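The values are calculated or read from the model by the stated rules, or taken from the named source; none is laboratory data. Note that the structure is a prediction, hence the values are computed from the model and not measured. Heads up, the Cβs are rebuilt from the backbone with ideal geometry, glycines too, and the neighbour counts pull from every protein chain shown.
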Amino acid sequence: MTDETQKIIEIMLKDIKVRRSIARENHLLFFSAYFGHYMEYEFADFHREMFDLSSNENIQTLVITAARGIGKSTILNMSLAIWSILGRRRKKFVIILSHTQAKARQHFNNLRKEFEENKLLQSDLGPFKEDSGEWGSSLVLPHYDARITFASTEQSIRGMRHKQHRPDLIIADDLDDNDSIKTLDGRNKTYDWLTKDIIPAGETNTKLVIVGTLLHEDSIMMRLKKEILEGKRTGEYREYPLVDDNGLILWKSKYPNKLALEAERLRIGNEKSWCQEYLLKIVSDADRVIHPEWIRYHEEIPSRTPENSYRYTFTAIDLAISERERADCTAMVSASVYGYGENMRIYILPNPINERLDFPSAIEKAKLLSLSLSHNGKKTRLVIEDNMYQRAFPQMLQKDRYPAEGVQSVGDKRTRLTLINPTVKAGQVLFPKEGTETLIQQLIGFGVERYDDLADAFAILVGEVMKNNPNRSFSESAQKMIEINGWDKEDGEIPILYKQY
């Protein structure tokens, strides 16, 4: 804290009129006067930035990911909620959101304690509660004609009002948890709740503050980060890890050197938690088949000409004939293939089919793909995973003169994905920047995500390319799978996927 700020605080503590006046105007000084006991160490620059951003009325959406234990919830949840009502902003209806009701109750108790037990805050800016009033899931402040309501992702706040006021400040604190981020369904549920229920509940001038840590590549924090940085959502995004990319410690008064950081890391005792929740680095799980850092993107697909070493375009299909709500989906993944050997590249096409379809509808979708991707007047090839009940599918397409064929599966889904993962890791598979998000999530979340139909169609597709890729040598991964499954190279029992050409 600067000497000038320290002098102002000293004056504030001695003079109630000065304290009231300055604290109402400045969030940092308000916090210093009434909640200074929460901070055992001197503020860092990023703390001052958080205070500035939280009080900037021109920023309607503020998203902050920060390390655990640096005071983000104290500043951007408890203090901001109270200051926004008692200070110059005079908010009337504040909502504080958490992932669970237990967390919402914890935030409620924290704020209630300050209103009831913070004597300096009471004497300067109270009263906060009439004798006849009752605390419930909301804190009502009659003197300010204001309300703070606490809710969780399990609740709806659609249409909620305090008298004539709709929410004018919404604070969301740790909307993700380790259970909700495990599956795409869980992540979508939280995101939809925020964007379809919570944000529309406010007015055009409602400020939205979202704070949390990074728990997953597709978490709500990562989605909002991407939207803001790509200009798809107005707002400000900030990240505050304990150590930045240049190795600088952000909170020097608490962690003066690397020895102090190491002591904290050893205290945490979990390397994954340390990396994700303190350094804000997403860590790939050891049992992942496809790691997120392997995913490579293309700007555009080359034209389909001999000069660009164009070979062919085709579609792989993982069939699931059912329209039941919880059933698997039929997945159709298409790609264009260029080059040979180490120079071979597989360009995944955007917007793969991922729908619950009955048999006739799946046939029509497959035909449409073959026609829409046609080249030089020729329908593109359709490759369908071959098992007993799916055998009629390629036969029906062949009858209508579509180039369709069934292919035998190798092992289970994990085995198939493991066999082709060296090709992804080597950067020979390229994805579009938009249009394959669900496919990528199924790939990097395989084994955890509820659905894996696109991932399986992808494995069929890449496997089909690789079995026709000249000069492709056995990879270490393939050798390992050969050993595990007892395939005999000499006896010709190796799956065609890894035969030499």
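Details
- Criterion: surrounded by fewer than 21 Cβ atoms within 10 Å (Cβ to Cβ), part of a loop (DSSP other than H, G, I, E, B) and of a type in the set (Asp, Glu) - qualifying residue of Glu405, Glu434: Glu434
- Residue selected from region 408-431 under the condition part of a loop (DSSP other than H, G, I, E, B) and hydrophobic (A, V, I, L, M, F, W, C), by the criterion surrounded by the most Cβ atoms within 10 Å (Cβ to Cβ): Val410
- Within the set Leu229, Leu184, the sole residue that is under 15 Å from the mean Cα position of the chain (by Cα) and either assigned by TED's automatic domain parsing to the domain that holds Asp453 or closer than 21 Å to Glu57 by Cα (or both) turns out to be Leu229.
- In the set (1) acidic (Asp, Glu); (2) farther than 22 Å from Arg311 by Cβ; (3) more than 36 Å from the chain's Cα centre (by Cα), the condition left unmet by Glu405 is number (2).
- The set of residues in region 30-54 being buried (at least 20 other Cβ atoms within 10 Å of the Cβ) and farther than 13 Å from Leu250 by Cβ consists of Phe30, Phe31, Ser32, Ala33, Tyr34, Phe35, Phe51, Ser54.
- When restricted to residues that are aliphatic (A, V, I, L, M) and farther than 13 Å from Ile301 by Cα, region 328-354 contains 5.
- Filter pass, Glu40 being in contact with a Leu (Cβ under 9 Å, 6 or more places away or on another chain), assigned by TED's automatic domain parsing to the domain that holds His162 and charged (D, E, K, R): no
Residues checked against (1) in contact (Cβ under 8 Å) with a residue 60 or more places away in the chain; (2) among the hydroxyl-bearing types (Ser, Thr, Tyr); (3) under 28 Å from Ile95 (Cα atoms):
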position	(1), (2), (3)
Ile8	no, no, no
Ala33	yes, no, yes
Tyr41	yes, yes, no
Ile64	yes, no, yes
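- Close pairs from region 449-471: first not assigned by TED's automatic domain parsing to the domain that holds Val429 and assigned to a loop (DSSP other than H, G, I, E, B), partner among the β-branched types (Val, Ile, Thr) and crowded, with 24+ Cβ neighbours inside 10 Å, Cβ under 9 Å, at least 6 apart: none
- Some residue of region 381-399 being in a loop (DSSP other than H, G, I, E, B) and farther than 28 Å from Ile444 by Cα: yes
- You will find that of Ser284, Ser273, the residue that is at pLDDT below 90, among the small types (Gly, Ala, Ser), touching a His at 6+ places or on another chain (Cβ under 7 Å) and within 24 Å of Asp176 (Cα to Cα) is Ser284 and no other.
- Selected residue [on the phi < 0 side of the Ramachandran plot and in a loop (DSSP other than H, G, I, E, B)] from Lys254, Lys189: Lys254
- Any hit, region 63-78, residues being farther than 28 Å from Ser219 by Cβ, charged (D, E, K, R) and outside any helix (DSSP H, G or I): no
- Test: Ile171 is in contact (Cβ under 8 Å) with a residue 12 or more places away in the chain and within 23 Å of Asp218 (Cα to Cα): yes
- In region 139-165, the residues that are more than 24 Å from Leu175 (Cα to Cα) form Cβ pairs under 8 Å with partners that are part of a helix (DSSP H, G or I), at six or more places apart or across chains, as follows: Leu141/Ile85; Leu141/Phe115; Tyr144/Ile85; Tyr144/Leu86; Ala146/Ile85.
- The lone exception for Leu111 - which of (1) surrounded by fewer than 17 Cβ atoms within 10 Å (Cβ to Cβ); (2) over 21 Å from Gly445 (Cα atoms); (3) without any contact (Cβ under 8 Å) to a residue 40 or more places away in the chain it fails: (1)
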